[in-house]
Each structure stands twice: as structure tokens, then as C-alpha cells.
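Encoded as C-alpha cells, the structure appears first; notes follow it.
The values are calculated or read from the model by the stated rules, or taken from the named source; none is laboratory data. Everything quoted here is computed from the prediction, not taken from an experiment. Cβ: placed from backbone, ideal geometry, glycine included. Neighbour counts: every protein chain shown. Ligands, DNA and RNA are excluded from the accessible area calculation, which covers all protein heavy atoms including side chains. Shrake-Rupley method; radii C 1.70, N 1.55, O 1.52, S 1.80 Å.
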Amino acid sequence: MSYRSLEQCLLDLEKNGQLIRIKETVDPYLEMAAIHLRVHEAGGPALLFENVKGSTFRAASNIFGTLERSKFIFRDTLQIVQQLIELKNDPVTAIKHPIKNFSAGLAALKALPLKNPASKPVLFQEIKISDIPQVQHWKMDGGAFVTLPQVYTEDIDKPGIMNANLGMYRIQLSGNDYAMDKEIGLHYQLHRGIGVHQTKANKKGLPLKVSVFAGGPPSHSVAAVMPLPEGISEMTFAGVLGNRRFRYTYKDDFCISTDADFVITGEVYPGATKPEGPFGDHLGYYSLQHDFPLMKVHKVYARQNAIWPFTVVGRPPQEDTSFGQLIHEMTGSALQEEIPGLKEVHAVDAAGVHPLLLAIGSERYTPYAPAKQPAEILTIANHILGTGQLSLAKFLFITADDENKISTHHIENYLRFILERINLKRDIHFYTNTTIDTLDYSGTGLNSGSKVVLAAYGERVRELSTTIPDCLNNLQGFENAQLVMPGVVALQTRKFSDYATAQNEMQMFNDQCSMFNDQLGSIPIIVVCDDAGFVSAKLNNFLWVTFTRCNPSHDMYGIDSCTANKHWGCNGPLVFDARIKPHHAPPVEKDAAVEKSIDRIFEQGGSLYGLG
């Protein structure tokens with residue numbers, strides 16, 4: 001389908017049984033998000049809220065709620081996009097198979113944006129920020145946020161749409177110290193294209209002109225999250241994916257996406273910031289309040305009968321999980337083409353995406369060597385941690401599988417393969433005092449923390465235990481030993497107070513366990529946590545707690561550890577202190593009163609009866 005608008009897409013979904021209208025009046029303060037979450041957890045349809053309290057505009061969510069629905073939306077173009085990406089990676093293919101790739105060549109014509117189209121529906125009316133549905137997702141959020149924005153900026157040195165950046169950076173519409181209808185908050189993280197544009201504008205002492213698009217053809221939202229190489233315009237990608245050229249114009253020197261449902265224009269002045277947040281984020285915790293760029297609102301536009309799109313982020317999996325899956329479907333082996341020897345890399349959604357990467361590489365450096373050990377995969381690991389947003393990862397597990405029997409997407413099997421082979425004295429490599437994800441509060445400060453690579457290759461060196469060794473059931477200060485998976489045990493202890501105390505606690509733990517190293521050889525990982533029952537209940541709980549609550553340099557210990565020539569290792573199990581720390585952000589939690597208030601929508605007679 002070549003959707004001209006968001007509404008056309010929603011009507012198509014409704015026609016095919018993939019959208020439900022909510023006719024009841026719903027409060028954008030917590031209720032709309034709670035309804036979305038309940039429907040998404042049930043694998044339910046897209047939602048159209050027809051009566052939003054405090055706004056004349058409708059709202060839609062869960063549009064991309066499943067990979068199947070996302071593929072349905074782009075059913076006519078997905079294969080062609082994949083072909084174009086393949087052709088970019090291997091241009092010779094086009095010469096070898098010209099007829100097969102003819103349609104991809106025609107589709108590329110849609111990539112050219114169309115300036116000043118005859119119809120400019122988004123300019124139908126001027127409105128105010130306060131007219132937009134003020135959707136607040138979580139109770140501790142600082143206000144209402146835009147969660148599916150398309151934030152457009154241009155390079156001040158090379159103006160024009162072909163050198164522009166379109167990214168999905170959250171926007172705070174209200175709350176804190178923002179002057180309503182005059183100011184909004186712009187939050188962007190490390191390694192984002194908008195940062196390059198703002199840096200250039202700042203150097204010239206000029207404001208950065210920003211346009212925030214919301215809605216429009218669904219390809220525009222996907223383009224905003226697509227990890228395209230710097231210098232390639234997201235607007236060209238939107239045209240190909242949507243089978244419709246990106247239409248735009250300029251008004252008061254601001255770029256306007258004419259097919260959008262809403263456009264907010266404004267300027268960010270050098271040095272102008274205000275406190276932004278808190279915001280319940282995709283790691284499953286609140287990102288706290290920090291100073292971020294302040295955008296002075298110029299004008300706000302909306303098309304006739306505009307629809308406000310939103311999503312809800314929180315502990316994975318959420319709707320943004322489907323975005324990641326869709327991107328993977330489209331890009332295929334693009335990353336493998338960029339990193340020689342890489343076969344697979346998986347940013348683990350259950351761990352919040354950036355904290356944990358699993359990778360499979362190749363080992364071709366020393367085929368003549370009698371003993372197999374990590375070599376090429378260490379080079380690949382460094383390449384991964386130097387590539388775009390992958391560089392924000394904290395934990396990278398990497399191996400090579402000569403028989404191609406494992407996949408990074410079968411997480412437990414993959415981890416078992418690693419743990420059966422890892423040499424804990426040799427295969428752990430730390431990167432300290434470096435950058436991590438802005439939203440990750442496990443580190444030493446905003447954007448600051450450490451990384452670790454666990455690189456295992458070779459023959460199996462241990463059988464993983466499927467039972468808990470007796471010695472772990474009789475420890476002083478550590479209790480409730482639970483088996484998470486073969487080779488991994490969770491233990492709980494008192495709450496974390498400070499790192500000096502933690503060092504003493506871990507030394508006490510080491511002193512007790514080091515006497516039983518002979519019993520612990522089949523347990524390569526021990527997780528010290530606040531609730532061992534929770535960590536062991538599901539693999540996803542283990543992944544979320546362990547890798548979002550640990551700063552490798554500070555929170556990884558080893559039984560009978562040692563340092564030789566500045567390389568750290570351990571003779572006994574590797575220990576993760578995955579307790580909540582005082583500097584961590586609080587986890588997002590549902591509100592019982594709100595959950596009760598939305599039951600009416602799901603009860604007999606309600607719009608969502610039978611769902612959730």
C-alpha cells in the first residue's frame with residue numbers, strides 16, 4: 001500500500017481486523033498508556049482513541065505492536081527495500097541479475113523527496129501545544145511526552161533535505177519549568193545525528209532550526225529510527241519504504257512535512273537548556289531529570305481531523321521491540337558486510353537493548369594452532385564496540401562456532417555454549433572509564449561507565465551443573481540459592497548500601513566460596529541480587545536484572561580472582577553484583593488505581609471486551 005496519511009493506514013488495519021476503536025472518553029494522564037500496555041501484552045490490535053479527555057484530536061497507538069502487523073503495513077515494499085540494501089552491499093548483483101533487480105531500480109525513484117507539492121494538508125490549521133493530547137505514560141514522568149516524534153534538523157553548512165537528519169528523540173511537551181505553548185524539551189543521546197547539526201550551529205552562534213513531525217505515512221516513523229549511515233537522508237528511505245515520495249515545503253524557513261498529522265517548529269539556541277524528565281524509559285527504569293536542550297516553539301500545525309500517534313516504553317518487550325525486529329528484517333546482513341568475520345550480533349531486547357550484545361564471529365587467524373583460543377573474535381569485538389550505537393553496549397559476549405550450530409537469538413543455548421568454553425582467567429576483557437547509554441544509570445555518571453567483553457572459543461572445558469552445589473546453601477549472609485539456568489545460580493543478600501561495604505561483602509563471599517572451588521567448577525556465574533526467586537523465575541528476569549543493574553568495572557567480582565600483567569581473571573565463578581544501587585533510577589511500575597480505572601474498557605460492553 002502507498003499510504004498518503006496515518007488515517008489511511010489505520011483504516012486499512014481496521015478493514016483487515018487489526019485495529020479497534022475505543023469510543024469511551026479516556027484520560028491521557030496514565031489511562032491511555034495503561035490501556036496500550038494491557039493490549040500490547042495480550043498481543044492485541046492497533047488502537048484508535050476517539051475521545052481523548054482535554055483534546056479535540058484523536059490518538060492512535062500500538063500501530064507497530066507486532067512484527068506481523070509491521071510487515072503487513074509494508075507488505076508491498078519490504079522485499080524491495082531488502083533488495084536495495086543488498087544492492088548497496090553488493091552492487092555487482094545488479095549487473096548479474098538485471099531483470100530480477102529492475103523493480104528495485106524503479107522503487108529507488110520514490111527516494112527523491114518532492115518539494116512544494118500542490119496539496120499541503122498539515123497546514124490546514126495552526127494550533128497550540130496544549131491542544132495536542134497530553135499523554136503522560138508513567139506516574140513519575142515529568143509531564144507529557146511525544147514518543148513517536150520525527151525530529152528534523154539540517155546541516156547549517158550544507159542546508160537542504162538531502163543532508164538533513166530525521167531522528168526519533170523524545171520531546172517533553174509540558175511539566176517542569178517549561179512555559180506551556182512556548183517551550184518544549186528536546187532529549188537526545190550520544191551518537192545521534194542531531195548532535196552534529198547542533199554542534200555546527202553552536203560554533204556559529206546561531207540557533208538550530210528544528211521541526212518535529214508526528215504522524216503521517218507510517219514509513220516516516222520507521223525512517224526516523226532506521227540506523228542509516230551518516231550523510232544518507234532518512235527522507236529518501238521513507239519514500240522507498242512508503243512507496244510515496246516524501247513531500248515537504250518550507251514555511252518561515254522551517255521544513256514542513258506536508259503529509260504529517262502535526263508539525264511543531266522552533267529553535268534551539270546555543271547553551272539554552274532546562275531540566276527534562278523524569279521519563280519511564282525502554283530499559284524498564286525512569287531516566288532521571290537532567291538538563292537538555294530547550295526548544296523555543298515557533299508555530300504548531302495540524303491537518304484536518306489529525307490523529308496523534310504515540311507508543312509506550314517501559315521494561316521490554318514493548319512496541320519498540322517490533323521496530324528493532326523490522327529493522328533487522330530489512331537490513332539483513334548489512335552489519336556483517338561492514339564488520340569482516342562477523343556472522344551475527346543481537347542486541348538483547350529483554351536486557352534493554354544497549355546493555356547486552358551477543359555475537360558470533362569467525363576464527364581464521366591461526367588454523368594451524370593446536371589449541372583453540374580467542375583471537376579473531378577479539379578484533380571483531382573491538383570493531384563492534386566502535387560501530388555506531390553498538391558502541392553504547394556494556395556487556396558483549398562473543399564466540400565462534402565452527403559447526404554453525406548456535407544462534408544469538410536462542411539466548412539460553414547461546415549462553416550455555418559460551419559458559420561451557422569460557423576460560424575465566426583469560427577471556428574477560430574490561431574497558432573502563434568510557435561511554436555508555438545516556439539512559440543507563442548503572443555507571444559512574446551520565447553517559448559514563450565501563451564495558452566488558454567475554455570472548456570464549458575452543459573445546460568444552462566444563463559441564464554446566466543443573467543442580468545447586470550444597471556449599472551455596474550454607475553461606476553466611478547469602479541465602480535462597482536458585483538455579484537460573486545450567487551453570488548460573490542466583491543468591492540474595494542484604495540491600496546494597498555503598499561500594500566500600502560491597503567490597504567487604506564480596507570479600508566475605510569470596511572467603512567462603514574459595515574453600516569450595518572444587519564444587520563450583522560447573523557454576524561459572526553467580527548473580528548476587530535482591531530477590532533470587534524473581535531472577536530465577538524467567539530467563540528474561542535474569543537478563544534484565546543482571547545486565548541493567550551492573551557496571552562491569554564496579555559490579556563484577558570473581559572467586560579467587562587475580563591480576564597478572566594488568567589482566568584480571570578468576571579461578572572460581574564470576575560474580576555479578578546485580579543489586580539495586582542508591583544511584584540507580586527507580587523501575588517503572590504500574591499504578592493499581594489506574595489499572596482498576598481502565599477495567600471498564602475491557603469489561604462486557606466496553607470497546608476492548610475480550611482483550612487483556
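Straight-line reach from Lys425: which aspartates and glutamates fall under 13 Å, measuring Cα to Cα and dropping same-chain residues less than 8 apart?
Within reach: Asp560.
Roughly to the nearest percent, how much of the accessible area of region 171-214 is carbon and sulfur, given a 1.4 Å probe?
Ligands and nucleic acids excluded, carbon and sulfur give 52 percent.
Rounded to a whole number, what % of the accessible area of region 26-65 do carbon and sulfur atoms account for, probe 1.4 Å?
48 percent
If you average the sequence gap of Cα pairs under 8 Å that are 6 or more apart and divide by the length of the chain, what percent do you get for the contact order?
13 percent
What FRET efficiency comes out for the pair Asn565/Val196, r = Cβ-Cβ distance, R0 = 51 Å, nearest 0.05?
It comes out at approximately 0.80.
In square angstrom, what is the accessible area per residue of region 407-458 with a 1.4 angstrom probe?
35 Å²
Which lysines, on any chain, are close to Lys590 with Cα under 19 Å apart, when same-chain ones fewer than 8 places away are left out?
In chain and number order, the partners are Lys139.
Want the number for Thr432 to Asn51: 0.36 nm per residue separation, take away the alpha-carbon distance, what's left?
Here the answer is 132.0 nm.
On a C-alpha basis, how far is the centre of region 494-545 from the centre of region 559-612 in Å? Whole number, if you could?
With region 494-545 and region 559-612 each reduced to a Cα centre, they are spaced 17 Å.
Using label points projected 7 Å from each Cα along Cα→Cβ, tell me how many nm separate Asp518 and Asp291, to one decimal.
Label-label distance for Asp518 and Asp291, simple model: 6.1 nm.
Given the Cα-Cα distance of Tyr499 and Phe72 and 0.36 nm per residue of separation, how much length would full extension add, in nm?
Once the chain is fully extended between Tyr499 and Phe72, it gains 148.7 nm.
Can you pull the percent of region 487-564's accessible area that's carbon plus sulfur, 1.4 Å probe, other chains left in place?
Taking all protein chains in place, region 487-564 shows 50 percent carbon and sulfur surface.
Ranking request for peptides 545-554, 420-429: highest mean number of other beta-carbon atoms within 10 Å first, then the rest in descending order.
545-554, 420-429
Skip the ligands, DNA and RNA, and give the accessible area per residue of region 473-612 with a 1.4 Å probe, whole Å².
44 Å²
Which order do the peptides 265-274, 314-323 come out in when sorted by mean C-beta neighbours inside 10 angstrom, highest first?
Highest-to-lowest ranking by the protection proxy: 314-323, 265-274.
Sketch the reach of a paramagnetic label on His409 as a point 7 Å from Cα along Cα-to-Cβ, and name the residues of region 51-69 whose backbone nitrogen lies under 14 Å away.
67-68
Between Asp511 and Tyr269, take the C-beta separation as r, use R0 = 45 Å, and let me know the FRET efficiency to the nearest 0.05.
0.20
In nm, to one decimal, how far is the Ala42 label point from the Met140 one, both placed 7 Å along Cα→Cβ?
2.9 nm
Residues of region 228-375: accessible area per residue at 1.4 Å, in Å²?
36 Å²
With an 8 Å Cα cut-off and a minimum separation of 6 or more residues, compute the relative contact order for region 484-550 in percent.
Relative contact order here is 52 percent.
Return the aspartates and glutamates within reach of Lys343: Cα separation strictly under 18 angstrom, same-chain partners fewer than 8 residues apart disregarded; answer none if there are no such residues.
Hits, sequence-local ones excluded: Glu86, Asp90, Glu329, Glu363, Glu376, Asp401, Asp402, Glu403.
For Asn176 and Thr444, what does the FRET efficiency come to when R0 = 45 Å and r is the distance between their Cβ atoms, rounded to the nearest 0.05?
Rounded to the nearest 0.05, the efficiency is 0.95.
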